[in-house]
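As structure tokens, the structure follows; a few thoughts come after it.
The values are calculated or read from the model by the stated rules, or taken from the named source; none is laboratory data. It should be emphasised that the depicted structure is a prediction, and the values quoted were computed from it without experimental measurement. Because the Cβ atoms are built from the backbone with ideal geometry, glycine has one as well, and the counts that use them run over all protein chains shown.
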Amino acid sequence: MTRPLTRLNPADLFDSTQNHHAQGTLVEDGRLAFFSGQIAWQAGADAAPESLGAQTELVCRNLKICLDSVGASPEDIVNLRAYIVDWSPEMAAEVFPPLVAFLGGATPSMTGLGVRSLFGPDLKIEIEMVVRVPE
């Protein structure tokens, strides 16, 4: 039986649960899957969508495919790291709705980084993920 992940939110740190993530995650034992950063590319498409929101939706769809490939769910996500081109706080309105919908109540450890560019000039967001693989 897979042991649950323990979400860590030390009382002396700010309450990150309001931002849909935990300050840390304790993984007991078991296997971990490390997924490369997922971008807004899909099979059969020539280019990424133009808007950050649409790209985030596609990235989340790709993350779901990754989860499915190891029989995991959002509750099994240990850590997410998002890279967003030219990040500003106003962009949260485009990023968080599809990301929160994908997480479905899970609150993994999460880091967001503003970056100058990604692999392709049309890409605006990339998210990598560490997942505890269920037994």
Residue in segment 18-33 that is surrounded by the most Cβ atoms within 10 Å (Cβ to Cβ), counting only those that are farther than 18 Å from L80 by Cβ and free of Cβ contacts under 8 Å to residues at least 60 places away in the same chain: E28
Flag for T107 being in a loop (DSSP other than H, G, I, E, B) and either of a type in the set (S, T, Y) or at pLDDT 95 or above (or both): yes
Residue in segment 114-131 that is surrounded by fewer than 18 Cβ atoms within 10 Å (Cβ to Cβ), of a type in the set (A, V, I, L, M), closer than 25 Å to N9 by Cβ and within 15 Å of the chain's Cα centre (by Cα) present: no
Hits in segment 3-21 - residues which are aliphatic (A, V, I, L, M) and under 15 Å from V131 (Cβ atoms): L5
Every pair of residues 6+ apart whose Cβ atoms lie under 7 Å, when the first sits in segment 38-55 and is surrounded by 12 or more Cβ atoms within 10 Å (Cβ to Cβ) while the second is of a type in the set (K, R): L52/K124; Q55/K124
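Scan segment 20-39 residue by residue and report those that are under 13 Å from the mean Cα position of the chain (by Cα) and not in a strand (DSSP E or B).
Within segment 20-39, H20, H21, I39 meet the criteria.
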Segment 1-17, subset modelled with pLDDT of 80 or more and surrounded by fewer than 10 Cβ atoms within 10 Å (Cβ to Cβ), residue farthest from L103 (Cα to Cα): D12
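Name the single residue that is surrounded by the fewest Cβ atoms within 10 Å (Cβ to Cβ) among those in segment 79-96 being in a strand (DSSP E or B) and not hydrophobic (A, V, I, L, M, F, W, C). Break it down stepwise before answering.
Just the residues of segment 79-96 that are in a strand (DSSP E or B), to begin with: 79-85.
This time we only want the ones that are not hydrophobic (A, V, I, L, M, F, W, C), so: 79, 81, 83.
Values: N79: 19, R81: 15, Y83: 20.
Checking each candidate, the answer is R81.
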Residues of segment 57-76 satisfying the condition of being within 17 Å of P98 (Cβ to Cβ) and in contact with a Lys or Arg (Cβ under 9 Å, 6 or more places away or on another chain): P74
Some residue of segment 53-70 being more than 14 Å from the chain's Cα centre (by Cα), part of a loop (DSSP other than H, G, I, E, B) and under 23 Å from T6 (Cα atoms): yes
